[in-house]
Amino acid sequence: TILVTGALGQIGSELVMKLRDLYGTDHVVGTDIRSTIDGPVVQGGPYEMLDVTDGERFLEIAKKYQVDAVIHLAAVLSAKAEVNPQRAWHLNMTGLMNGLETARELRCQLFTPSSIAAFGPSTPKEMTPQDTIQRPNTIYGVTKVSGELLCDYYHRRFDVDTRGVRFPGLISYVTPPGGGTTDYAVEIYYHAVKQKRYTSYIAAGTKMDMMYMPDALDAIVQLMEADAAKLVHRNAFNITAMSFAPEDVAAAIQAKLPEFVMTYDVDPVRQAIAESWPNSIDASCAVDEWGFRPSYDLEKMTQDMLEKLQQKEHVTAF
Ligand code: VAH
C-alpha cells in the first residue's frame, strides 16, 4: 500500500487518483490535515486525517495499512513560508523526519519532492547542473536542501530507499496550488478563461522552469519504479519540461484567445524569490538514470489547460 501525505494539495489530489487507477483503490491511502467530506480523494478510497508533525500518528497509520511506500507531499510552499519561517521549518522538516522514521521502521520506500527552490542566487542560472552549489535564501529553499541531504543520509546510513525530484513550477487545472511563487502560471489560465485578462505579480522577463501536472505525476511513478541499481543520484533529480517568462505564457494564451490582455503589478517579495531561482535547469541525469521524458510543451499545455478550464462549469476565481 502507498501512503500519500498532502493528499488534498495541488500534486496529491491528482496523484492519489492516478495511483488508485494504477495500483487499485484500496492500495492507496490518502492523508491530509484537512478532512473535507466531499471530493474523490476522501470518498473514493482509504483516507485518514494526518498532521505530519505527529510522528506517532504517522507511524500508526503506516502500520495500520501495512504501507510499503510513502509519498510525502505535505509542505508549506515558498511565498507562504516567508510569512512564518519557523512554522515552515517545523512542518517541512519535522514532517519529513517523521516520514523517514516511518520508512526506516517499516523498511519501505520514501519519495518526497525537492524543488528548483533548492538553488539560490549563487547557483549558475542557465542549464543549472544536477550537482552544483545550493545556497537558497528562502526558508522554503533551506528546507528543500535540508530535505535532500536528510533523505540521502537516511539512504546511506539506514538503507532507506529514498528518491526525489526537484520539481519546477507545476501547472494544473484540478486543484490550485497554495502559497507558491510560480502560482501565477496557474492563475493566468483561470483568469484567461474567466475574465480574459490577468495581472501578473511576476515581472516580464523572469524565466522559470515549469511542467504540466500530467508529466509531474508520470515522473513520480517512473522514478519510484526505476531500477535502483541504475540510480547514481537519489535526492533529488533535476527535472523540467519548459522554461518561460510571463510574456511567453501570455502569448501562448493569446494564440488561442486573441482577446486575452496581460498587465503587470509586480509583488516585490515573490519577484525576489523568483529571481533567486534558476532560469533553466539541466535534467540530463533524470533522462540518463531513469528515462525521464516529459510530453507537454508550452503550446500543448496551453491547449489542454484552456480546453479543460472551459469545460469546468464553475471556474473558481483565484
Ligand atoms: C513554489 N510551486 O512556488 C512551488 C515550487 C518551484 C516552485 O517549489 O513554491
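Against the condition modelled with pLDDT of 95 or more, open to solvent by 50 Å² or more (accessible area, probe 1.4 Å) and more than 19 Å from L298 (Cβ to Cβ), how does R157 come out, does it pass? So R157 passes the test. For segment 221-238, a residue qualifies if it is open to solvent by less than 40 Å² (accessible area, probe 1.4 Å), part of a loop (DSSP other than H, G, I, E, B) and more than 14 Å from T112 (Cβ to Cβ), and the qualifying residues are A226, L231, H233. Within segment 140-154, residues that are in contact (Cβ under 8 Å) with a residue 24 or more places away in the chain sit with their Cβ atoms under 6 Å from residues that are polar (S, T, N, Q) and part of a helix (DSSP H, G or I), at 6+ positions apart or across chains, in these pairs: Y140/S78; T143/N92. Filtered by the rule that a residue be touching a Pro at 6+ places or on another chain (Cβ under 8 Å) and of a type outside the set (G, A, S), segment 276-297 gives P278, I281, D282, Y296. Of all residues in segment 164-188, those satisfying the criterion of being assigned to a loop (DSSP other than H, G, I, E, B) and either small (G, A, S) or more than 9 Å from the ligand (Cβ to nearest atom) (or both) are G164, S172, Y173, V174, T175, P176, G178, G179, G180. Scanning segment 235-247 for any residue that is out of contact with any helix residue (DSSP H, G or I) (no Cβ under 9 Å at 6 or more places or on another chain) and farther than 19 Å from T182 by Cα turns up nothing. Restricting to segment 263-313, name every residue that is touching a residue at least 40 places away in the same chain (Cβ under 8 Å) and closer than 13 Å to V193 by Cα. Scanning segment 263-313 gives T302, Q303, D304, M305, L306, K308, L309, Q310, K312. Residues that are within 16 Å of the ligand (Cβ to nearest atom) and open to solvent by 20 Å² or more (accessible area, probe 1.4 Å) within segment 10-55 comprise Q10, I11, E14, listed in sequence order.
Screening T302 against (1) open to solvent by less than 20 Å² (accessible area, probe 1.4 Å); (2) outside any helix (DSSP H, G or I) leaves a single unmet condition, (2). Only residues that are under 18 Å from T1 (Cβ atoms) and either of a type outside the set (D, E, K, R) or touching a Cys at 6+ places or on another chain (Cβ under 6 Å) (or both) were counted in segment 24-39, giving 7.
The values are calculated or read from the model by the stated rules, or taken from the named source; none is laboratory data. As the structure is a prediction and not an experimental result, all values here were calculated from the model. Using ideal geometry, Cβ is built from the backbone for each residue, glycine included, and neighbour counts are taken over all protein chains shown. In case anyone asks, the SASA skips ligands and DNA or RNA and just uses the protein heavy atoms, side chains included. Shrake-Rupley method; radii C 1.70, N 1.55, O 1.52, S 1.80 Å.
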